[in-house]
1. Let a ≥ b ≥ c be the square roots of the eigenvalues of the Cα gyration tensor of the stretch 59-108; is it rounded (a/c under 1.5), or, if not, prolate (a/b larger than b/c) or oblate?
2. Local charge sum around Val49 (other residues, Cβ-Cβ under 9 Å, Lys/Arg +1, Asp/Glu -1)?
3. If R0 is 22 Å, what FRET efficiency do you get for Asp59 and Glu90 from their C-beta distance, rounded to 0.05?
4. Please give the Cα centre distance for the stretch 57-92 versus the stretch 116-144, rounded to the nearest Å.
5. Are there trypsin sites (Lys or Arg not before Pro) in the stretch 77-175 that DSSP puts in a loop and that have at most 13 other Cβ atoms within 10 Å, and which ones?
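Read-outs: derived from the displayed coordinates by stated rules, not from any lab. Keep in mind that this is a model prediction, so the values were computed, not measured. All Cβ positions, even for glycine, are placed from backbone atoms using ideal geometry, and neighbour counts span all protein chains on display.
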Amino acid sequence: MHIKKNIGLASIVLIVFLVLLSGCVENETATDNEQTESVDWRDVELTDVRTGEVFRISDFEGPILVESFAVWCPTCLQQQKEMKKLIETEGETITHISLDTDPNEDVDAVLDHVQRNDLDWYFAVAPTEMTEDMIDEFGVEVVNAPIAPVILICEDGEARLLGRGLKSADELNDEVAEGC
């Protein structure tokens, strides 16, 4: 148990270090013909690991629940089981997207996780730039897998990070009903 906590803590420390380090690296200067544009994290192109479908979070109308997770995280799996219950009761009235934000994981690890646990909504690996933009908007908690971070995006595009910890299907449904 102590080893798992240390591994989880080490991963969080690594993510925070990488984010802080990225702010210290000097960006290349754009030439006269190039423009550097900041892309909203919701407009980043993602690929669903299950289907190969390319999508953006902004392609969907709210309400949307975006879960930040890592395959090694048992709390994340518990949160995904609650998401699955919510889908079973509410159908497709809420879009569900799970983003792996662990820089040490890849498409194969996420696909294996999805197949092993019989999960069937959108799953993608978040590019580093997207993860950094999410941290800029919501703080480092958005990539702290053990606290089961979930973002609620409403019909009007307003997004907020839901409270810390595992959220039951009923709690998620209540957040959508009250928050949107």
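1. Since a/c reaches 1.5 but b/c is at least a/b, the shape of the stretch 59-108 is classed as oblate.
2. For residues surrounding Val49, the net value is -2.
3. Calculated transfer efficiency: 0.65.
4. Spelled out, the Cα-based centre of one part sits 11 Å from the other.
5. Arg164
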